[in-house]
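Data block below; observations after.
Nothing in this text is a laboratory measurement; each read-out follows from the coordinates by a stated rule. Quantities reported herein were computed from a predicted structural model and do not represent experimental measurements. Quick reminder, even Gly has a Cβ in these numbers, built from the backbone with ideal geometry, and neighbours come from all protein chains shown.
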Amino acid sequence: MLFKLYIGAFLIIVLNCLTYAQENRVRAMGGITYGISDQDYSLNPYDLGNNPAWLQNDDTVSWLRIQPSLQNEHGDYKRYYDPRSTTLYGLGFKGIKTLGTDGTFLGETDYSYELRKDVPRSLKYDTYGGEAFFMTDTNSGGFRYNGPSVRFKYSYQLFPSFFIGADAHYKILDGLKDVYSRASILYRKLGGDFGVTYSFTDAFSFGILGMIGDEQEKIESADVDLTEVEIFNYRGETFSIRKRAGSVKQKIKKKMTGIGTQIYYFIPQNFELGVSASYKNSKEDILVPYSTATQSFAEYGEGFSSFNIYDIIARGRYFLSPQLQMGGTFEIHRNSSWSKNPSRDLLLWEWNVTSMVIGIGGSYKFNHELLLSTEYEITKLSVDSSKYIDSRYSSFGAVNHILRFGFEEVVTSAITIRGGYNYGYFKKEMLGGRSNVSFHSISTGGAYEFNNNIAIDISLIYNITSPGGFSTKRSSFDCFITTRLYNF
């Protein structure tokens, strides 16, 4: 009876929401990753290090996923320029085509439609990118963003044990604010990766990855009902330059380069170890039209920012028996940035965020039907921020915790149900800057195989975040589905 009620509720929710597909087994089980074995979360160079050269070894059969989506987030616990609520719809397709000795090809495309409500003043698509520059008007309003994205990956065995691969992706969004100053936004992002991997033995492999990226955002405010619009270009959070004109424009350009490396050691049915290290550098220019009595510039450097990102991830799994496995992770992440006024070469902002993560987890499978899993992570956080132009300085450390539980039960050969729960306690939370923040997440879902050619996966997730001593909170609800076809 309980099982029938569960399935009934499951189907009602499915039929009343749009869906999205990506790693739904892990999502439904509370985000468990290294505590269980999962095809999408192996520790190889492709899954852990995003190296496209290993794609041919990671995906050995052809398939097609159909991916509609709905995600919603809302609440008062937010940064000042964040929207009060965001709703994101999408429709995507992702497929793998194995070509035998000619390699493996991955193609992906989707179209997104995003609604942001009650955005206070900010006109940028990504206001909190870490730079010291903000473009705002005088009121709150809603934004609509929509546009397509495409991605292509290819992996090929050039020599025995030596693989090469490439990844190219492109995204474009068109945005519009629904009230004064009627800002229109055109956001474009493109990039590419090139990787190589070499297997020294059947158990040991090594990979190298190169990355490039280019982003551009054009913002133009021109209200049709007024002769002029009033826009503020902030340098820091306190001081701004006001501009009034029939049309006010700004362009944001960012270029990224990076390099990464991966190590993979694998003994079937016994042990798996993956290490991924990467470094990325991005440079961003804030460009505005500028003119004097003697000369005019279509693009003049209003601001410049530099970003450096270092990531090291080491994860392992040890299989004590066919039913019992243990896993762990050790991670170091460091993000740093500085912003300056290029015309006067004045340093405005400088900040560094370093986090070290240690996690342990495991899972046990009872009678090949019920799988129970858990993970615990502790994060040591260190933040140093100097906002010279605002005369604001902050330096602190914190220790944060998160505990995950998940289960999976094979009810029949065609039906599987899943569930999970997360609890997090953050001594200092980066999003809103509050202390003693609690996080709760409940997830559920399942899978149904119609036959050997069609399978459907679903996950439903509800999150709530609230700081201690405050009545504010932020919650989200996501509904995801994977419809996978093996013959297409």
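Per-residue Karplus couplings for region 400-413, computed as 6.51 cos²θ - 1.76 cosθ + 1.60 with θ equal to phi - 60°, are listed in order as 10, 10, 9, 10, 10, 10, x, 9, 8, 10, 8, 6, 9, 5 Hz, Gly and Pro entered as x.
Modelled spin labels at Lys218 and Ile358, positioned 7 Å past Cα toward Cβ, are 5.2 nm from each other. Going from the fewest other Cβ atoms within 10 Å to the most, the residues Ile252, Ile312 appear in the order Ile312, Ile252.
Simple rule: put +1 on each Lys or Arg Cβ and -1 on each Asp or Glu Cβ in the chain, find the dipole, and look at Ser385, Ser291, Phe266; the Cα lying farthest toward the positive end is Ser291.
The distance between label points at Tyr486 and Thr98 comes to 1.1 nm (points 7 Å beyond Cα on the Cα→Cβ vector). In order along region 111-125, phi translates into HN-Hα couplings of 10, 10, 9, 10, 10, 10, 10, 6, 8, x, 6, 4, 10, 7, 5 Hz, rounded to whole numbers, per the Karplus curve 6.51 cos²θ - 1.76 cosθ + 1.60 with θ = phi - 60° and x for Gly and Pro. With θ taken as phi - 60° and the Karplus curve 6.51 cos²θ - 1.76 cosθ + 1.60 applied, the whole-hertz 3J(HN,Hα) list for region 456-473 is 10, 10, 9, 9, 10, 9, 10, 10, 9, 10, 8, x, x, x, 10, 8, 6, 7 Hz, x standing for glycine and proline. Extending 7 Å from the Cα toward the beta-carbon at both Thr109 and Phe152 defines two label points whose distance is 1.2 nm.
Label zone of Tyr81 (point 7 Å out along Cα→Cβ, amide N under 19 Å): in region 305-322 this covers 305-308. Using only Cα atoms, locate the centre of region 177-208 and the centre of region 451-483, then give the distance between them in Å, rounded to an integer. Region 177-208 and region 451-483 have Cα centres spaced 25 Å from each other. Remark: for residue pairs Lys255/Lys387; Lys97/Lys189; Lys78/Lys218; Lys171/Lys243, the C-alpha separation exceeds 29 Å in Lys171/Lys243.
Using C-alpha pairs under 8 Å with a sequence gap of at least 6, the mean separation divided by the residue count of the chain gives a relative contact order of 16 percent. Once the Cβ-Cβ distance of Ser306 and Lys380 is raised to the sixth power relative to R0 = 25 Å, the FRET efficiency obtained is 0.45.
Its Cα centre serving as origin, the chain has a Cβ charge dipole (Lys and Arg +1, Asp and Glu -1) of approximately 920 debye.
Which entry in (1) 41, 27, 24; (2) 74, 22, 16; (3) 43, 27, 20 matches semi-axes √(5λ) of the Cα gyration tensor in Å derived from the coordinates of this structure? Recomputing semi-axes √(5λ) of the Cα gyration tensor in Å here gives the entry labelled (1). At what distance in angstrom do the alpha carbon centres of region 242-298 and region 341-404 lie from each other? Rounded to whole Å, the Cα centres lie 21 Å apart. The length gained by stretching the chain between Tyr425 and Tyr128 to full extension, at 0.36 nm per residue less their Cα-Cα distance, is 104.6 nm. In this structure, the pairs whose alpha-carbon distance is over 18 Å, taken from Lys254/Lys340; Lys251/Lys283; Lys94/Lys117; Lys153/Lys283, are Lys94/Lys117; Lys153/Lys283.
The separation of region 123-138 from region 225-240, counted between C-alpha centres, amounts to 11 Å.
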